[in-house]
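Heads up: the structure comes next, in structure tokens.
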Amino acid sequence: MSDIRALPSDAQLAEALIPAALAAGRAILDVRARTIAVEQKSDSSPVTEADHAAEVIILASLAEVAPTVPVIAEESAEAGHLPDVSGDFFLVDPLDGTKEFIGGGSDFTVNIALVRNGQPVMGIVHTPAVGTVHVGTAEGAWMGRVDGDTVVDRRPIAVRGCAAGDKVDVVASKSHRTPETDVYIAQYPLGDLVSAGSSMKFCLVAEGKADLYPRMGTTMQWDTAAGDAVLRAAGGKVVALDGTPFPYGPTDADGKAAFRNEWFIAAGGMELKS
């Protein structure tokens, strides 16, 4: 069983992995500066050279920083590489928001997360086109601005309060909005409805720029774990529809389907309706 407790603290681990996230981001932007060749994966979702290039960089860093800890990474999982994760493990989405990336948008992200006991305890979300990094660990959540190879202007982030009856600012998926999501949102007095792509939705709630992110649609664990870790570290929560903590780890399904998520609700400092 792999165990990361012999390694530095989760906050130190995040610091060790931030350079890999930044390097992956630079590789993604390099690809975007050229003509982007798009392929289709087995589930008909798009994949590009940027996805693969970013994943290679991150996997190399993880092999150096935490060589005994298994990694579930999106493109490797697509190729059938799914190691046993009976203990601690990493979840990596090298390019979340590929559709936004292909379409010329800016809210695509690089995501690295550590899962322990079924919960994300460390998360890094880097937004290359915007030049930001969000990090969450048990020591708290923070964000900073990318300046070359470093992260500067670091500041702590936290969710905002939202009392019963207050208008709720909601962030929803840009590419994958569903009727079920709209039905859920309709339970609350709606303030602003912000459409965003990738794991930035979690970060908007973590920064206190929104209150609620419901997702009634298909996601994979590597899509959500890093942003989930940031939000939880900022004082928010991510729960299943029955209100229980949102779980991570393989189910009994075969192949990469074992890492498919349930529907979930992510929120800041507000009470959720049952």
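Specify the residue that is modelled with the highest pLDDT; the eligible residues are those in the range 14-66 that are among the charged types (D, E, K, R) and over 24 Å from Gly144 (Cα atoms).
First, pick out the residues of the range 14-66 that are among the charged types (D, E, K, R): 15, 26, 30, 32, 34, 39, 41, 43, 49, 51, 55, 64.
Those left that are additionally over 24 Å from Gly144 (Cα atoms): 34, 39, 41, 43, 49, 64.
Working: Arg34: 83, Glu39: 74, Lys41: 66, Asp43: 63, Glu49: 88, Glu64: 93.
Here the residue is Glu64.
Quickly run through the range 160-191 and pick out the residues that are modelled with pLDDT of 90 or more, closer than 25 Å to Val135 by Cβ and in contact with an Asp or Glu (Cβ under 8 Å, 6 or more places away or on another chain).
Scanning the range 160-191 gives Arg160, Cys162, Asp169, Val170.
Being touching a strand residue (DSSP E or B) at 6+ places or on another chain (Cβ under 9 Å) and over 16 Å from Val110 (Cα atoms) is the filter here; which residues of the range 143-162 pass it?
Across the range 143-162, the qualifying residues are Asp147, Val152, Asp153, Arg154, Arg155, Pro156, Ile157, Ala158, Val159, Arg160, Gly161, Cys162.
Conditions: (1) under 19 Å from the mean Cα position of the chain (by Cα); (2) free of Cβ contacts under 8 Å to residues at least 60 places away in the same chain; (3) more than 24 Å from Leu13 (Cα to Cα). Ile185 meets all but one. Number of the miss?
(1)
Tally up the residues in the range 243-268 that are of a type in the set (Gly, Ala, Ser), more than 20 Å from Ala196 (Cα to Cα) and surrounded by 14 or more Cβ atoms within 10 Å (Cβ to Cβ), please.
Restricting attention to the range 243-268, the residues satisfying the condition of being of a type in the set (Gly, Ala, Ser) are 243, 249, 253, 255, 257-258, 266-268.
Still in the list and also more than 20 Å from Ala196 (Cα to Cα): 243, 249, 253, 255, 257-258.
From what is left, the residues that are surrounded by 14 or more Cβ atoms within 10 Å (Cβ to Cβ) are 249, 258.
Matching residues across the range 243-268 total 2.
Criterion first (among the basic types (Lys, Arg), more than 14 Å from the chain's Cα centre (by Cα) and within 25 Å of Glu64 (Cβ to Cβ)) does Arg154 satisfy it?
Details: among the basic types (Lys, Arg): yes; more than 14 Å from the chain's Cα centre (by Cα): yes; within 25 Å of Glu64 (Cβ to Cβ): yes.
It is true that Arg154 is among the basic types (Lys, Arg), more than 14 Å from the chain's Cα centre (by Cα) and within 25 Å of Glu64 (Cβ to Cβ).
Which of the following residues is within 14 Å of Arg232 (Cα to Cα) and of a type in the set (A, V, I, L, M): Val146, Val110, Val152, Val135?
Details: Val146 fails: within 14 Å of Arg232 (Cα to Cα); Val110 fails: within 14 Å of Arg232 (Cα to Cα); Val152 fails: within 14 Å of Arg232 (Cα to Cα).
Answer to the selection: Val135.
Since Thr181 meets every condition but one in (1) closer than 23 Å to Pro19 by Cα; (2) in a helix (DSSP H, G or I), which condition does it not meet?
Against the list (1) closer than 23 Å to Pro19 by Cα; (2) in a helix (DSSP H, G or I), Thr181 comes up short only on (1).
Which residues, counting only those in the range 218-274, are closer than 21 Å to Gly97 by Cβ, in a loop (DSSP other than H, G, I, E, B) and in contact (Cβ under 8 Å) with a residue 40 or more places away in the chain?
Passing the criteria: Thr218, Thr219, Ala234, Gly236, Tyr248, Asn261, Trp263.
Take Val170 and tell me if it is surrounded by 20 or more Cβ atoms within 10 Å (Cβ to Cβ), without any contact (Cβ under 8 Å) to a residue 60 or more places away in the chain and not polar (S, T, N, Q). Break it down stepwise before answering.
Values: surrounded by 20 or more Cβ atoms within 10 Å (Cβ to Cβ): yes; without any contact (Cβ under 8 Å) to a residue 60 or more places away in the chain: yes; not polar (S, T, N, Q): yes.
Taking the combined requirement at face value, the residue satisfies it.
Only one of (1) outside any loop (DSSP other than H, G, I, E, B); (2) more than 26 Å from Ile72 (Cα to Cα) fails for Val159. Which number is that?
The failed condition is (1).
Name the pairs whose Cβ atoms lie under 7 Å apart, with the first residue in the range 14-30 and free of Cβ contacts under 8 Å to residues at least 24 places away in the same chain, the second surrounded by 19 or more Cβ atoms within 10 Å (Cβ to Cβ), and 6 or more positions between them or separate chains?
none
Based on this model, can you work out whether Arg145 counts as farther than 29 Å from Arg260 by Cβ, in contact with a Phe, Trp or Tyr (Cβ under 9 Å, 6 or more places away or on another chain) and not in a loop (DSSP other than H, G, I, E, B)? Spell out the reasoning first.
On the way: farther than 29 Å from Arg260 by Cβ: yes; in contact with a Phe, Trp or Tyr (Cβ under 9 Å, 6 or more places away or on another chain): no; not in a loop (DSSP other than H, G, I, E, B): yes.
No.
Is there any pair with a first residue in the range 115-130 that is within 19 Å of Leu95 (Cα to Cα) and touching a residue at least 24 places away in the same chain (Cβ under 8 Å) and a second that is part of a loop (DSSP other than H, G, I, E, B) and of a type in the set (A, V, I, L, M, F, W, C) whose Cβ atoms are under 7 Å apart and which are 6 or more apart or on different chains, and what are they?
Hits for this filter: Ala129/Phe108.
If you take the residues in the range 216-242 that are among the charged types (D, E, K, R) and within 13 Å of the chain's Cα centre (by Cα), which one is surrounded by the most Cβ atoms within 10 Å (Cβ to Cβ)? Walk me through how you get there before you give the answer.
Going through the range 216-242, the residues among the charged types (D, E, K, R) turn out to be 223, 228, 232, 237, 242.
Okay, now just the ones that are also within 13 Å of the chain's Cα centre (by Cα), so 223, 228, 232.
Values: Asp223: 23, Asp228: 31, Arg232: 25.
Here the answer is Asp228.
The values are calculated or read from the model by the stated rules, or taken from the named source; none is laboratory data. Nothing here was measured: the structure is a model prediction, and the numbers come from that model. Note: ideal-geometry Cβ built from the backbone for every residue, glycine included; neighbour counts use all protein chains shown.
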